[in-house]
Every structure is written in structure tokens, then in C-alpha cells.
Amino acid sequence: MVAVNSKRKRIRTKFAKHEIPKSLIYEEYDGKPMYYRGYKDVLNQFKTVEEIMGESDTQAIIIGVLMNFLFDTIDRNKYFIVTNEVGFHLKKRSNISSDIVIYDKAALQNHTFKNKYFEIPPLAVIEVDIQADTADFGISEVDYYGIKTKKLLDFGVREVIWFFSGIQQQIVARAGQDGIISTWDKNVILLEEYRFSLAQLLQKEGFKL
């Protein structure tokens, strides 16, 4: 009982902005920070920063399966694949990150690297689940998906593909078109030339999620 009470005393419900380290910021929209889901557990010393930043087992498997498919299928003389929370600087005080991005390789080869977030848009972005704490930002997860997708398309990304593990659905959004919602067993067309079904890719690799 003493240990439980001791833990409860450490819980705080409100934190001043200066108390939250920048390392817990997941993204930034027009100067407003959005923190990693679980950041309060870090502030209350129940979890480490690494614990909330790491991918879940489900997310890791999906990203791994997608990366295997892309490396085996995509024209790597034409395209360059980047993963591991790739950062984009959209404009002043607006920075977001993505799970998998695909660039035109020639565009990257002509890019001047500055050891900062990318300021040039990729051709495609693939997102797997949501790692942001949307509640403290004052929006729902559905709103977050819409806001982030629009920001990426406005940035110049041609297509944004989301995979949601909880409901096993996917959304494909392209500039100037309505988003297409379907289940994992339906095919996704990537870059107008590569067709795949996440359900089939998982089955091929022997994974059941």
C-alpha cells in the first residue's frame, strides 16, 4: 500500500511548457508543439523517453514488411527510400515526421544537405498508426490524420498512404482527389506503377496481426 501511495504522489496532471523537454516533441504545427503519446508517463518517471519513442511490435512488423516489398520491387535507380521518422521542415515553426518516404533519386542527388530536416517534398509518404498525443493538442486522431495529410499534400507530396493496425484499414490520399478508404486486403497503387496488398504481404512473410 505504501508503494502505491508513493507512486500516486508523483502523478501531476498539469505541466508548464518550460517543464517539458524538447526531446518529447513529436511534431510542431504553426509553433504549437505536439508531444509523443505517453509523454506524461516520462514526465512522471514511469517510462523513459526511449520507451515512448520506439515503435510498437505491430508497427515495426508492418513497416518492415513494407520496406522489404519496396526494396525488392521499386526501381531504386529512379527512387530512393528513407525510413525511421524522416523529418520535414514545412515552414517556420512547422515540422513533421513520417515513417517511410520515397524520393525522386535525382532530386536528392541535386539536394544540398545541411544536416537539418528536409525542405523538399518526397513523392510519397507512408504512415503506420499514430504516435502523437492528439488529446493534449485539442484534436481527435481523425482530425490529426486530416491535418497531417493536408500539410503533407500542401508541402508538395503527391500521395500519402496511411495504414491503421487497430482497424486494419488504409487510406490513400492524393492531391486534388478524395481520399480512398479500404481494408488491408484491397490493393494500393503506389507511384502509379506499384500495386500491393498489405494483407498479402503480411501473409507472405508469415505474420498474423
- Per residue, accessible area of region 120-180 with a 1.4 Å probe, heavy atoms of protein chains only, in Å², comes to 43 Å²
- Task: Multiply the residue separation of residue 115 and residue 94 by 0.36 nm, subtract the distance between their alpha-carbon atoms, and state the gained length in nm to one decimal.
- Result: 5.8 nm
- Item | Compactness of region 55-209 as Cα Rg over 2.2 N^0.38 Å, two decimals | 1.02
- From the cross-link list 47/91; 151/208; 92/114, the entries with a Cα-Cα span beyond 24 Å are 47/91; 151/208
- Using θ = phi - 60° and the Karplus relation 6.51 cos²θ - 1.76 cosθ + 1.60, list the HN-Hα couplings for region 84-99 in order, rounded to whole Hz, with x at every Gly or Pro. 6, 6, 5, x, 10, 9, 6, 6, 4, 6, 9, 9, 10, 9, 9, 6
- Task: Using a 10 Å cut-off on Cβ atoms, rank the peptides 111-119, 140-148 from the highest mean neighbour count down.
- Result: 140-148, 111-119
- Using a basic spin-label model with each label point 7 Å from the Cα along Cα→Cβ, how many nm lie between residue 68 and residue 165? 1.5 nm
- For the residue 78, residue 186 Cβ pair and Förster radius 22 Å, calculated FRET efficiency rounded to 0.05 is 0.30
- Task: Roll a 1.4 angstrom probe over the protein heavy atoms and tell me the percent of accessible area of the chain that is carbon or sulfur.
- Result: 50 percent
- Message: Can you show me the helix-derived [θ] at 222 nm for the chain, built from DSSP H runs with n ≥ 4 at -39,500 (n - 2.57) apiece and divided by the number of residues, rounded to the nearest 500.
- Response: -9000 deg cm²/dmol
- Note on the structure: So for R0 = 30 Å, FRET eff. of residue 47-residue 142 from the Cβ-Cβ r, to 0.05, ends up at 0.70
- Task: Pull up all non-local amide H partners of residue 128: gap of 5 or more, or a different chain, and H-to-H distance under 5 Å with H placed in the peptide plane.
- Result: 99, 163
- Message: For a distance above 14 Å, tell me the whole-number percent of Cα pairs in region 120-209 that qualify.
- Response: 67 percent
- Everything considered on the Cα gyration tensor (a ≥ b ≥ c; rounded for a/c under 1.5, else prolate if a/b is larger than b/c, else oblate), region 46-108 must be described as oblate
- Any idea which of 115, 181, 98 is furthest toward the positive side of the dipole for region 90-191, if Lys and Arg beta-carbons carry +1 and Asp and Glu beta-carbons -1? 115
- Query: Given a Förster distance of 35 angstrom, what is the FRET efficiency for residue 193 paired with residue 154, based on the Cβ-Cβ distance and rounded to 0.05?
  - Reply: 0.90
- Would you please name the GluC sites (Glu not before Pro) within region 160-205 that are DSSP coil residues with at most 16 other C-beta atoms within 10 Å of their C-beta? 192, 193
- If you stretched the chain out fully between residue 23 and residue 105, how much longer would it get, using 0.36 nm times the residue separation minus the C-alpha to C-alpha distance? 26.5 nm
- Query: How far apart, in nm, are the 7 Å Cα→Cβ label points at residue 178 and residue 30?
  - Reply: 2.7 nm
- Task: Among 108, 152, 190, determine the one that fluctuates most according to a GNM of the chain built with springs between C-alpha atoms less than 10 Å apart.
- Result: 108
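The values are calculated or read from the model by the stated rules, or taken from the named source; none is laboratory data. The structure displayed is predicted, hence computed values, not measured ones. A quick note on method: Cβ atoms are made from the backbone with ideal geometry, for glycine too, and the neighbour counts reach across all protein chains shown. For accessibility, only protein heavy atoms count, side chains too; no ligands or nucleic acids. Shrake-Rupley method; radii C 1.70, N 1.55, O 1.52, S 1.80 Å.
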